[in-house]
1. Test THR89 against the criterion of being farther than 30 Å from LYS203 by Cβ, more than 17 Å from the chain's Cα centre (by Cα), modelled with pLDDT of 95 or more and not acidic (Asp, Glu), and give yes or no.
2. Do you know which residues across the range 140-170 are of a type in the set (Val, Ile, Thr), in contact (Cβ under 8 Å) with a residue 40 or more places away in the chain and surrounded by fewer than 16 Cβ atoms within 10 Å (Cβ to Cβ)?
3. Evaluate the range 30-39: report whether one residue or more is touching an Asp or Glu at 6+ places or on another chain (Cβ under 6 Å) and buried (at least 20 other Cβ atoms within 10 Å of the Cβ).
4. Here's a check for you: in the range 27-51, which residue that is of a type in the set (S, T, N, Q) and modelled with pLDDT under 90 is farthest from ALA209 (Cα to Cα)?
5. When both residues are 6+ apart or on different chains and their Cβ atoms are under 6 Å apart, which pairs have a first residue that lies in the range 99-114 and is in the same structural domain as VAL164 (by TED's automatic domain parsing) and over 8 Å from ILE146 (Cα atoms), and a second that is among the aliphatic types (A, V, I, L, M) and in a loop (DSSP other than H, G, I, E, B)?
6. Only one of ILE31, ILE96, ILE72, ILE61 is over 26 Å from PHE151 (Cα atoms) and not basic (Lys, Arg); which?
7. Go through (1) at pLDDT below 95; (2) among the polar types (S, T, N, Q); (3) within 18 Å of the chain's Cα centre (by Cα); (4) surrounded by fewer than 19 Cβ atoms within 10 Å (Cβ to Cβ) for SER80 and report which single condition fails.
8. Taking the range 60-91 as the region of interest, how many residues are out of contact with any strand residue (DSSP E or B) (no Cβ under 7 Å at 6 or more places or on another chain) and aromatic (Phe, Trp, Tyr)?
Amino acid sequence: MLFDKPLGVSSFSIVNRVRGIIKRKLKVKNIKVGHAGTLDPLATGLLVICTGKMTKSISAIQDAEKEYTGTITLGGMTPSYDLESEVETGFPIDHITEELVRQTAKQFEGQIDQMPPAFSAKQVDGKRAYELARKGEEVVLQTKRITIREFEIVDFRAGEMPEVDFRVSCTKGTYIRSLAHDFGKALHSGGYLSALRRTRIGKYAIEDAITADQFQFLMHGDEWETRQG
């Protein structure tokens, strides 16, 4: 099942909601439900959810190439590399032009070694990195080799804090937050991810996704519509 996850909602909460709807519809005590790749609460877009025997396909789906669209705001940085934490401004931007932005983006295409953000779910001494980072503790992570097949600059908007709209196709394990952070540094400025939407996982596309509300209506029809009215 393909879902369009809204802003501010965790992937886990969507899984829980789908599980509850199916359990009520089928009148069963439990059913296997899982997602093929987490989306942060601040991200929207495609969430592939598998149920029953299809949960065995989760690993294969997770391994597929992914596509995202989003916005990188330049001239600032955050500890989380996105809007989860406070923005520090004041980085130079006067030298940044659209041509420089497009040229710099090409540096990130192909195989690169990427450092995961400290605010990530990576394990550090048996704990999640974000747990340590949120306490202000030092987080030491290792780089990972990833492949960015395409990093397209869709639009560049100059201003007090320039914004770059992008589309990226990449391998499993790529952190778009880290890409935004590293992109800002490559421009000799700062950069953080201010919007993110996943549009594709392998053969699955956001155009074919539904919302959790639509799924609930499909499962319960007029009964659910009456309760909402």
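1. Spelling it out, it is not the case that THR89 is farther than 30 Å from LYS203 by Cβ, more than 17 Å from the chain's Cα centre (by Cα), modelled with pLDDT of 95 or more and not acidic (Asp, Glu).
2. Passing the criteria: only VAL154.
3. For the range 30-39, residues touching an Asp or Glu at 6+ places or on another chain (Cβ under 6 Å) and buried (at least 20 other Cβ atoms within 10 Å of the Cβ): absent.
4. ASN30
5. The qualifying pairs are THR104/LEU187.
6. Testing whether each residue is over 26 Å from PHE151 (Cα atoms) and not basic (Lys, Arg) leaves just ILE31.
7. Every listed condition holds for SER80 apart from (4).
8. Result for the range 60-91: 0.
The values are calculated or read from the model by the stated rules, or taken from the named source; none is laboratory data. All values reported here derive from a predicted model rather than from experimental measurement. A quick note on method: Cβ atoms are made from the backbone with ideal geometry, for glycine too, and the neighbour counts reach across all protein chains shown.
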